[in-house]
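Just so it is clear, none of the values below were taken in a lab; they were calculated from the coordinates. On a predicted model such as this, the values are computed, not experimentally measured, just so you know. Please note: Cβ atoms are built from the backbone with ideal geometry, for glycine as well, and neighbour counts cover all protein chains shown.
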Amino acid sequence: MKKILAVFMAIGVVMAMSASFMACGEEIPSADEIVNGVIESLDDVESYEMDVDMEMRMSGEDEGMQIEVETTMAIDGVFDFVNEQAKMVIDMSMAGPGEDPVEMAMEMYIIGDMTYAMMDMPLMGPTWVKTDTEEELWDEMNYARSQVDMLKTAQVEVIGSEKVKGVDCYVIQLTPDIEQLWELMMEQTGGELPDIPSEELQDVFRSFSVKYWIAKDTYFLAKVDIEMVADFSSEAMGLAGDEGAVTMDMTMSMLAYNYNESVTIVLPPEAEDAVYEPTN
């Protein structure tokens, strides 16, 4: 069961809506023009803030044991690419039926070439560690950049226009290529997910909905909504020796805002005494 839960959490940490019609008389760019605009805008992002809310429910059976777990996660992030500084605060809760939720928290700071992380786990209390900042981490911090591969491979349709935090946005609906989406998930989770044959992937994902809100003036990513329902069996997940099947229902909403505004990130004093863990 631990293997199945670990796989689902990787999907959730990787992965994650209504829209009005375009105003009469407005010149509507094509889906390709919007996608190209998003890609071209990436080099103009100097800083931004991000809020993510995710809910994930898992139910089913694994090796004769009933599984029913609900997980919620909230992420607040501030990113300054010019000065190479970032901060993320993550609050997470997991609970089964009739159980008190298990609360966990994490803070992460990137200050130049050093990354500091604090984990606050039940019965352990907060623990700080620090390590060298990996260069590719900055690309991962730019959420819009991490979505480019999906934008390039998905079928994209312009479906409306809305304001997000006062910003006029185009709303686009994505129909991802499931096989390429799974490959992207595998890359973003460091290969932790199994290599499921493409013909089986179509049966795994019962539904998958992705909507993006793109700022009309800058083409910056303003909002993302993802809804997914998937049925996983131990056999499909490549978990030898395990038997069972679990359904995962996940929703995720992300807001990105305050692009290129001045930000201040202050490292907590206790982080200075963090245990150093060298990178491999």
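For the reader, a short list of remarks on this structure follows.
- Compared with the direct C-alpha span, the chain from residue 202 to residue 59 gains 49.5 nm at full extension, assuming 0.36 nm per residue.
- Residues of the stretch 133-176 with amide N under 20 Å of the 7 Å Cα→Cβ point at residue 81: 133-153, 170
- Peptides 96-104, 212-220 ordered by average Cβ neighbours within 10 Å, highest first: 212-220, 96-104
- Two-decimal Rg/Rh across the stretch 90-158, once Rg and the Kirkwood Rh are taken from alpha-carbon atoms: 1.15
- Residue exposure proxy: 177, 139, ordered by other Cβ atoms within 10 angstrom of their Cβ from fewest to most, comes out as 139, 177.
- With both labels modelled 7 Å from their Cα along Cα-to-Cβ, the residue 227 to residue 93 distance reads 2.2 nm.
- Global geometry of the stretch 17-140, whether rounded, prolate or oblate, following the gyration tensor of its Cα atoms and the 1.5 cut on a/c: oblate
- Spacing of the two label points (7 Å from each Cα toward its C-beta) at residue 179 and residue 249, in nm: 3.1
- Computed from the alpha carbon atoms alone, the convex hull of the stretch 112-152 holds 89 Å³ per residue.
- For residue 262 and residue 72, a Förster radius of 45 Å and the Cβ-Cβ distance give a FRET efficiency of 0.90, rounded to the nearest 0.05.
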